[in-house]
1. To test your reading of the geometry: what angle, between 0 and 90 degrees and rounded to tens, separates the Cα axis of helix 169-179 from the longest principal axis of the chain?
2. Using only Cα atoms, what Kirkwood radius does the stretch 119-158 have, in angstroms?
3. Taking H placed 1.01 Å from N in the peptide plane, check which residues at least 5 places from Leu64 or on another chain put their amide H under 5 Å from its amide H.
4. 222 nm [θ] for the chain, helices only, -39500 (n - 2.57) per DSSP H run of 4+, per residue, to 500?
5. With respect to the cross-link table entries Lys146/Lys202; Lys87/Lys202; Lys104/Lys191; Lys45/Lys342, which display a Cα-Cα separation exceeding 25 Å?
6. With angles folded into 0 to 90 degrees, how steeply does helix 92-102 sit against the dominant principal axis of the chain? Use alpha carbons for both and round to 10.
7. For the chain, take the longest principal axis of its alpha carbons; what is the angle in degrees between that and the long axis of helix 304-313, to the nearest 10 within 0 to 90?
8. Taking 8 Å as the Cα distance limit and 6 or more residues as the minimum spacing, I'd like the relative contact order of the chain as a percentage.
Amino acid sequence: MNPFSYGTIVRGDSFFDRREETKLLIDTLSGGNNVVLFAPRRYGKTSLVFRVMEHLEEQGIPCLYIDLMSAFSLERFAELIVEAARKKQSKLEVFAQELSGWVKKIRPTIEFGLDGAPKFSIDFSEQHISHSTLTQVFDIPQQLVKQYGQVVVVFDEFQEISRFNNEGVEALLRSVIQQQQGVSYLFLGSKTHMMSQMFENKKRPFFNSGIHVQIGALPEDETIEFLQKQFATNNINIGDDEARYLIQCAANIPYYIQLLASFIWQRKVMNGGDIAVSDINDSVQDIIALKGDFYHEQFNRYSIGQKQLLRALSRDGSHIFSVDYIRRYKLNSSSTVQKNIKILLEDGLADKTGDTYFISDPFFRIFLQGI
């Protein structure tokens, strides 16, 4: 079995390090405080959060996990919160009865399929969900505190709440959270520029509403040790220099480290032996070849100016608004770069740390360097 895991929540032996971050999150949330978790895409935020939730659940603190990427409407947003709360209840009939008391305009139903398994669903008695009903839904965690004593709510992809800004939902949720006792919130999202705006802008409702925790690249020495240990389960050896080169090819991003290591493992598992730099390079090309059609399609969606900026970022992401950078990569003007980088950030193709921008996918970056 492949010892490297990517594309799903990383658990067990495939999850490594993040000990300090895990402890900090557990201590902060169990202590009753809110946390805002910042990190670029693919840095393992969600896997870290699931590890934290496992520890909190072991302490008797139920965790409601809500992924707002699925909240395509206000009604769906409310459904996601109800579903998360329902998962913490063993008796559906009791929960349905309690929910009817908590949220007046929701009608819960329980139906039984042919296999005899119960299916829980809700219906709204309003054609369009009102702020009054949303307030009652947002307060469900407070109702659960009466049963459990303390509750943690995790909002993943929290920046997606911005799609409801015209309806004042962000401010409404913040006002409800401020009144709650015994409920801690963990906010995380993959679009760091949007998360920064939400929690660092004094004019936004969630300004200064939680402790900011930023996770970065994993320690190189510990990553090398992890790679060597995982490869060794199949009698495959990787030296320190080769492991360091693997990490460099994957831009030291946890998801891509595991992805590249998985491809290398597939190449070597039949024969074992030592991993050479050529094995790593060949595996990088395997990934690019596999994703080549997708990369071409992705690249061709953009305007000429955006394509030029993508190719420039694949080589250098510092001082991108400077006259020298714009002249060197033929990028028209600073205002055009600002407009285009905003689009690439919102689409998730680019990200930034500090004042430096970079292509989010290191293999897409290598692909861009070749066109």
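1. The answer is roughly 60 degrees.
2. Working: mean 1/r = 0.0811 Å⁻¹.
One decimal place: 12.3 Å for the Kirkwood radius.
3. Val152, Val153, Val154
4. Rounded to the nearest 500, it is -15500 deg cm²/dmol.
5. Details: Lys146/Lys202 33 Å; Lys87/Lys202 36 Å; Lys104/Lys191 35 Å; Lys45/Lys342 23 Å.
In this structure, Lys146/Lys202; Lys87/Lys202; Lys104/Lys191 lie more than 25 Å apart at Cα.
6. Taking Cα atoms only, the helix is inclined about 70 degrees.
7. With rounding to tens, the tilt is 70 degrees.
8. Values: 511 pairs, mean separation 69.5, N = 371.
The normalised contact order for the chain reaches 19 percent.
The values are calculated or read from the model by the stated rules, or taken from the named source; none is laboratory data. These figures come from a predicted structure and were not determined experimentally. Ligands, DNA and RNA are excluded from the accessible area calculation, which covers all protein heavy atoms including side chains. Shrake-Rupley method; radii C 1.70, N 1.55, O 1.52, S 1.80 Å.
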